[in-house]
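Some notes on the structure that comes next.
The values are calculated or read from the model by the stated rules, or taken from the named source; none is laboratory data. Bear in mind that the values here come from a model prediction, so they are computed numbers and not experimental data. Cβ: placed from backbone, ideal geometry, glycine included. Neighbour counts: every protein chain shown.
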Amino acid sequence: MTLLCLLGSCLLQETSRLRNFALALILLTCFAMAAHAQDSCQATCRSSDSPCTGLTGTKFTECVKQCVQGCPPEDPPPPPRLLDPGCGDRTITGKINCMIVEPVVTEHETAYPSVLFAPGDIVEVTADGCVQTGGHGNTWKRYVNPSGPNSVSLYHGLIRILTGTQNSALVRINSVIGKQLQVTGVGVPSSELMLHLGYEDDGYSDNGYYSHDDGTEDQCKIDPTHGLDGGPAHLTVTIYRAVPPDTTGSRFDFDVISNALDPNGLPYNPLWSWQQRPENQGKIPNTSQCHNFSTRGSTLGIPDEFMSPSFADCTDQADTSSVDEPIEINGTLCRYATTPYFGDTFSGHVNWFPITVEGSAGRVDHGDVFPFGDDDYTFSYNSQEQANPLSVNGRSGLHVEFDSDETVDNFTSLEWAAFHRAVDNNQDRASQLFRGHTILTGMFGLDGEHGMKAELHPLYALATLRDNFENDPKDEVWLMFVRNQGDEGYCSSQIWNAGFEDYTFRLRWLPGMTSVDVNWDKTEFVGTDGTSGPIISVVPPPSPAAGVYVRFHLGPAVATSSIFDPGASVPFVNGGLHLVWTGTPIAHPVGAVRANDGADVGVLNPREWSGSTAGTAVAQPPTAVETDQIEQAIRSAIDKLPAAQRSRVAKARILRGTRTARVHRLPPTRSITRMTSAPAVAGTSTRLHAIKGGPANRKMARDAAEIKALCSASHNAPAGLPASVCTAPVTVRH
């Protein structure tokens, strides 16, 4: 029996096409043989040939007991079969589990005809384990989120499900984990609806599952106690056919999970997988549960001065390709802010993917750091339907941030110009224009420089209901902007793309109203060349998708070619939408908000009415605006300079030759489409993972110019900052 099982194990390492079938057959055979051996041994202990023969009474009983204890131990029950019958039969309905053990990694793409899909299937994917990538030393790497040299572009497992993965493309597995994929089958013969898996590498001949080691950076250690699955890769495809899917979940505490999508196909009001568990609902996790997503490496046994990102045991939805760390002068200052040798976080950002949330916006902050800071607008967000979704480390709500140099400084619509003036001159007036019920889409991530603060940064889209109404409480104004790329502030070096070319807001239907119209005379939007909108569609009650759908076209997000001309290729739209409602408002309404497909996603209190005044129902007080640690240190150093020198440093951030973005007023459509169901998700290039759009040259040039001026004014000894900041290398950018 032992010889046969060992032989089978060796055969598994040498074959690929029939591996799954062979594995199941060998496991069942070995189990049967082991069970037979155990049964035979126990029968012998009780037979006339037993070594206990001739004994009587308690002596015989004790002898048999000892004999049985000496028999081969009982094997655990056999593992569940790898492929349910429905995996290969499209006529079978229900929940179907299809497990692929040791997926092929010796070629770029492989079809798996043993796993078939049917139009209408909802699919979930989980995967784990490691792959031998070949070479010298420890060369195994994680299959889903590898780390180490070249792992940004290589060593990822891939998956393709025609009409299921975005644009039917072969995408990284970590971009679909935690999401429900819908197989439409549109335009594809049913015979082609099968699973395809692949692998990213620049050479495949030495890949496989042989000679296990702990892997590059010990990423493939086998340690079940700490959740480290360093053995051979495996993947499970769960198909829901003609049955509703289970609630999406994950074994990783910090996977971002949503059971609903916004009109753009983005996760809507998600939360941590840790928060899904019954014992943790409403609670806020601490990133110390996962070593603050950081580790301290060493060289020849000497600990590194600064922490490095490390989070493969925290989430399988992000990897080294979704990390944004500062470089050059910014890197020197940001690492300094995290405390050499004693800090517990790395000094950059780890990103998941763009998400959409809907709730309450807090007070906007900008004037207390500009011009001596990163020039970002910041505010807090709080959910109105869930208890602190995606919050961490005792902070209620999310931090929201966007670079004014990329946005507000270039917004020329009347509504945004008024808001810009109010923010810089009168914060109370600004809150009237801004703070209210809000829809936000942004890159979700954690900020290491600020103690792993949870944030939306950059913010791609915003629609906030103004708190002041001009004529009647049934007239409302939504302040909006949309873009599809941006930077992540001082402690970063990259531009991050949103992945969409068209974007749709879904504004809630005001309870009690029978119809809605647009005041086109007051509605105004301004955009860069190539943008258009808004296109307005209305779905009235009782449809579960009731709402006002506002769609804008942006075009592709392309990295800016010049730091002096942000309007050359960065699309954005800004303006104000004036709605006029007809009907009788309901006091203190509670409206169910539903996803694009009509599935319930929770309960919102969109707006409370009391007599003739309107306000926003806030579930909890907004989180106070948090200061930016390194930006405040820079400002403190500048404040210690004489007034004339402070002025020169401030002016240094304004790059000579800089031109504002080229914009034009978007012509109003003056039409509304009445519909009975939600409009289809726009055909965009949305990819549900973080997308780097190139270096943030403009931001880094501004930051470097400011520090260069500060060093000159302080004789290379800026107060409270390391002297090394004045000698840090700077790349000349144009």
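Of note:
- Against the test of being modelled with pLDDT of 85 or more and either within 30 Å of ILE535 (Cα to Cα) or in contact with a strand residue (DSSP E or B) (Cβ under 9 Å, 6 or more places away or on another chain) (or both), the options ARG674, ARG646, ARG635, ARG702 yield a single qualifying residue, ARG674.
- Residues within segment 374-403 that are hydroxyl-bearing (Ser, Thr, Tyr), touching a helix residue (DSSP H, G or I) at 6+ places or on another chain (Cβ under 8 Å) and in a loop (DSSP other than H, G, I, E, B), tallied: 0
- Some residue of segment 124-142 being farther than 30 Å from VAL323 by Cβ and not assigned by TED's automatic domain parsing to the domain that holds PRO354: no
- Extreme residue, surrounded by the fewest Cβ atoms within 10 Å (Cβ to Cβ), among residues of segment 128-161 that are modelled with pLDDT of 95 or more and of a type in the set (A, V, I, L, M): LEU158
- Against the numbered list (1) closer than 27 Å to ASN388 by Cβ; (2) modelled with pLDDT of 50 or more; (3) of a type outside the set (A, V, I, L, M, F, W, C), ASN596 comes up short only at (2).
- In segment 489-496, the count of residues that are under 21 Å from ASP475 (Cα atoms) and outside any loop (DSSP other than H, G, I, E, B) is zero.
- In this entry, ARG483 passes the filter for residues that are closer than 30 Å to SER347 by Cα and assigned by TED's automatic domain parsing to the domain that holds ASN410.
- Selected residue [in a loop (DSSP other than H, G, I, E, B) and assigned by TED's automatic domain parsing to the domain that holds VAL125] from ASP214, ASP253: ASP214
- Restricting segment 187-230 to residues that are aliphatic (A, V, I, L, M) and touching a residue at least 60 places away in the same chain (Cβ under 8 Å) leaves a set whose member that is nearest to TRP140 (Cα to Cα) is LEU228.
- Qualifying positions in segment 263-286 - closer than 18 Å to ASN382 by Cα and of a type in the set (Gly, Ala, Ser): GLY282
- The lone criterion from (1) touching a Gly at 6+ places or on another chain (Cβ under 6 Å); (2) more than 26 Å from LEU82 (Cα to Cα) left unmet by PRO267 is number (1).
- Applying the condition of being aliphatic (A, V, I, L, M) and in a loop (DSSP other than H, G, I, E, B) to segment 163-195 and asking which residue is nearest to ALA127 (Cα to Cα) yields ILE177.
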